[in-house]
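Laboratory data are not the source of any read-out in this text; all were calculated from the coordinates shown. Just so you know, these numbers come straight off a predicted model, no measurement behind them. Because the Cβ atoms are built from the backbone with ideal geometry, glycine has one as well, and the counts that use them run over all protein chains shown.
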Amino acid sequence: MEAKAKHRFIPSSPRKMRLVIDLIRGIPVEKAIEILHFQPKHASKDAEKVLRSAVANIMNNNENTKIEPADLFVKEAFVNQGPTLKRISAAPMGRAYKIRKRSCHLTIVVATRA
């Protein structure tokens, strides 16, 4: 069994988010939550939130069977690019610099070991 959780339009660049997500791919959920909780990067807060949501989803979808978080692992975790907000910053001599505020979509899939 598996369950999925998504968080879309996260105001962080996909490149920064991938640095965090690469740490948890394929490892047990309890260890992944521990890694994300003590990770100093700002993106780890959003990743931990989505991982906890995926665990809750698999427990709520299968109320008949008892599933322990120790039996779960991160099957898939990937980051896609979201929309980019384009802004302009004033520059010297009447010029303008483009500022691209990037966003990303995070998807985490957890599954049982069996």
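The value of relative contact order for region 2-112, using C-alpha pairs under 8 Å at least six residues apart, is 43 percent. Considering only 28, 7, 88, and ranking their Cα positions along the charge dipole of the chain that arises from unit charges at the beta-carbon of Lys, Arg, Asp and Glu, the one farthest toward the positive end is 88. Taking only the Cα atoms of the chain, the radius of gyration and Dmax are 17.5, 68 Å. In this simple spin-label model, placing a label point 7 Å from the Cα along the Cα-to-Cβ direction at both residue 61 and residue 95 gives a separation of 5.2 nm. Electrostatic bookkeeping for residue 58 treats Lys and Arg as +1 and Asp and Glu as -1; over the other residues with beta carbon under 15 Å from its beta carbon, the sum is 0.
Quick one: dipole size for the chain, taken about the Cα centre, charges +1 on Lys/Arg Cβ and -1 on Asp/Glu Cβ, in debye to the nearest 20. Numbers along the way, then the final one.
Details: 22 positive and 10 negative charges, 220 e Å.
Computed about the Cα centre, the dipole is about 1060 debye.
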